[in-house]
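What follows is a single structure, written as structure tokens, with notes after it.
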Amino acid sequence: MTPELARLLVGTFVVAILVLDARRKPKVSVALWVPLLWLAILASRPLTEWLNPSHGALAANVEEGSALDRALLSVLILIAAGILSIRRLRLIEWLKSNPWIVLLFVYCGISVLWSDFPGIAFRRWIRALGSVMMVLVVASDLNPVIAVGTLVRRCAYILVPVSVLLVKYFRSVAVVYNQWTGAEYLVGVTTDKNALGRLCLISGIFVLWDILRARPDERFRRSLIQRAVGIIVLLMTLWLLKESRSATSLGSFIVGAAIMIGLSAPFLKKNARHLGTIVLTGSIVVVVLAFSLNLVEIAVTSLGRDMTFTDRTYIWNDLLDMHTNPLLGVGYDSFWLGDRLDTFVAKHQVYEAHNGYLEVYLELGFVGLTLMGALVISVFFKAKRSLTSSFDYGRLRLVVLTLFLVYNMTEAGYKATTLIFFVLLLIAVDPPTSIPTQTNSAPNFRSAIHGAPLRSRRGTRVHG
């Protein structure tokens, strides 16, 4: 098959499944395309990387960034602000119902004051707030739970098939080579193998959830077609996950999928309100068995790694030897800049801690770790409550939280501009309320953006 024909077929497939997805009920507002574009950028690569791929090399302008990318993200933030303004959110109520998210982001903003690079840190914090605004656009949809699943699913429907296409037929874009060792890595639509692994991890879990969840509002035939599409995309995702050689993402997916499927057991469904006790007991049993039977080493070696986690332990020791402020850290998103970045790129060829908890400690100190821990605990209790009121969504919340905790053991993903934390925010927020707006008898721009139900000509309510 020629590359041109493959591109045509994949493009047709992506458009077809997006059209099919748009026909689902209940529907979501057209405003969801704004956070979808934002998420697609987070999950793949910046616009400048598409125009001029760096082929896996550390960009020379990492401190300055790209004016083109900043302009694009600024436009998306302004559009999101306009959408939220039209929806007339009760922002104060939302702030009160999501205190740990608010406190964490406020503290991140304050920490810019003691950063060695306050200008860069401030711009990165503003971008993180942009992610929060995108999450609010999703959460303020008429059907926020449906909107969460739709957002990530559509992102997977676009990026996963395109990644397969690039890997198979456009390898100059989808394959990079380590500039120190010459090793070949598949990256697909992303910039490195770990980013491809993250994309496959999140895509795989959300598509699996969509396949397993109940569909009371859908006809059998349409539900069957949607599940078939999901299975096809899931198989693509699993192939990419295997070929990416991202052990952390593969291990996290195995854990997440096991929990997702395991929670379907009738015993756990009936005892959802006792999930905290079950999880705590299960965790203690796993820890005891891990130390007594050496299960950690067995699991690590089965993923093709050694007990240094591919030399990560040496990196962690050197990072701790930097003697940053243990209470406050060096400031939000400020550690991997300047001399510190040069030192670790030269010695270890890395520009992240490969441990999310250590990275929080380095940049935000024990205060940041405490706030992050409080956020995680609050998400757990929200997931537990959801299991009794909306089992499918509660199951998704619990799995995403688990993925975040497991993934950050050997990779860094605590910032809102990373895919893993953005998705955590999606399931962490409680939907904000909006001031009711009157809708006309015919669909219009304001009602479409608001996501409010419209009325058909016969007077029956339909979803806009």
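Looking at V145, V162, V138, V175, just one residue is out of contact with any Ser or Thr (no Cβ under 6 Å at 6 or more places or on another chain), surrounded by 22 or more Cβ atoms within 10 Å (Cβ to Cβ), in contact (Cβ under 8 Å) with a residue 12 or more places away in the chain and not basic (K, R), and that residue is V138. Only one of the listed residues (G130, G188) is outside any helix (DSSP H, G or I), of a type in the set (G, A, S) and buried (at least 17 other Cβ atoms within 10 Å of the Cβ). That residue is G188. Across segment 29-63, the qualifying residues are those that are of a type in the set (A, V, I, L, M, F, W, C), under 29 Å from A81 (Cβ atoms) and modelled with pLDDT under 90, and the one among them that is surrounded by the fewest Cβ atoms within 10 Å (Cβ to Cβ) is L51.
Would you please name the residue that is surrounded by the fewest Cβ atoms within 10 Å (Cβ to Cβ), looking only at residues in segment 247-257 that are closer than 11 Å to I205 by Cβ and of a type in the set (G, A, S)? Per the stated criteria, the residue is A257. Only one entry in L151, L136 is under 13 Å from L36 (Cα atoms), modelled with pLDDT of 95 or more and assigned to a helix (DSSP H, G or I), namely L151. Just to be sure, is L20 within 24 Å of the chain's Cα centre (by Cα), closer than 19 Å to G230 by Cα and either small (G, A, S) or modelled with pLDDT under 95 (or both)? Yes; evaluated as a whole, the condition is true for this residue.
One line per residue, one yes/no per condition, for (1) within 16 Å of the chain's Cα centre (by Cα); (2) farther than 18 Å from G262 by Cα; (3) among the basic types (K, R):
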position	(1), (2), (3)
E352	no, yes, no
Y357	no, yes, no
E363	no, yes, no
L371	no, yes, no
V400	yes, no, no
L403	yes, no, no
Y407	yes, yes, no
T410	no, yes, no
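Just checking, which of F253, F309, F291, F344 is over 25 Å from F381 (Cα atoms) and modelled with pLDDT of 80 or more?
On the way: F253 fails: over 25 Å from F381 (Cα atoms); F309 fails: modelled with pLDDT of 80 or more; F291 fails: modelled with pLDDT of 80 or more.
Residue meeting the stated conditions: F344.
Against the list (1) modelled with pLDDT under 95; (2) out of contact with any Cys (no Cβ under 6 Å at 6 or more places or on another chain); (3) surrounded by 15 or more Cβ atoms within 10 Å (Cβ to Cβ), the condition I205 fails is (1). Residue check: is V164 outside any helix (DSSP H, G or I), touching a helix residue (DSSP H, G or I) at 6+ places or on another chain (Cβ under 9 Å), farther than 30 Å from F391 by Cα and hydrophobic (A, V, I, L, M, F, W, C)? Against the criterion (outside any helix (DSSP H, G or I), touching a helix residue (DSSP H, G or I) at 6+ places or on another chain (Cβ under 9 Å), farther than 30 Å from F391 by Cα and hydrophobic (A, V, I, L, M, F, W, C)), V164 does not qualify. L142 falls short of the stated requirement of being at pLDDT below 90 and within 20 Å of G413 (Cβ to Cβ). Does R245 fit the bill of being modelled with pLDDT under 90, charged (D, E, K, R) and within 22 Å of the chain's Cα centre (by Cα)? So R245 fits the description; yes. Within segment 180-194, the presence of at least one residue that is over 23 Å from R7 (Cβ atoms), modelled with pLDDT under 90 and aromatic (F, W, Y) is confirmed. Would you call A412 buried (at least 22 other Cβ atoms within 10 Å of the Cβ) and either at pLDDT 90 or above or within 21 Å of W94 (Cβ to Cβ) (or both)? Here the answer is no, as A412 does not meet what is asked. Scanning segment 105-123 for residues that are in contact (Cβ under 8 Å) with a residue 60 or more places away in the chain and surrounded by fewer than 22 Cβ atoms within 10 Å (Cβ to Cβ) turns up F105, Y107, G109, V112, L113, W114, D116, F117, P118, I120. Taken over segment 340-385, residues that are surrounded by fewer than 21 Cβ atoms within 10 Å (Cβ to Cβ) and not in a helix (DSSP H, G or I) amount to 4.
Can you pull out every residue in segment 337-376 that is without any contact (Cβ under 8 Å) to a residue 40 or more places away in the chain and of a type in the set (A, V, I, L, M, F, W, C)?
Taking segment 337-376 first, the residues without any contact (Cβ under 8 Å) to a residue 40 or more places away in the chain are 339-340, 342-344, 346-348, 350, 361, 369-370, 373, 376.
Within segment 337-376, F344, A346, V350, L369, V376 meet the criteria.
The values are calculated or read from the model by the stated rules, or taken from the named source; none is laboratory data. Keep in mind the model is a prediction, meaning the values are calculated, not measured. In this analysis, Cβ positions are derived from the backbone assuming ideal geometry, glycine residues included, and neighbour counts consider all displayed protein chains.
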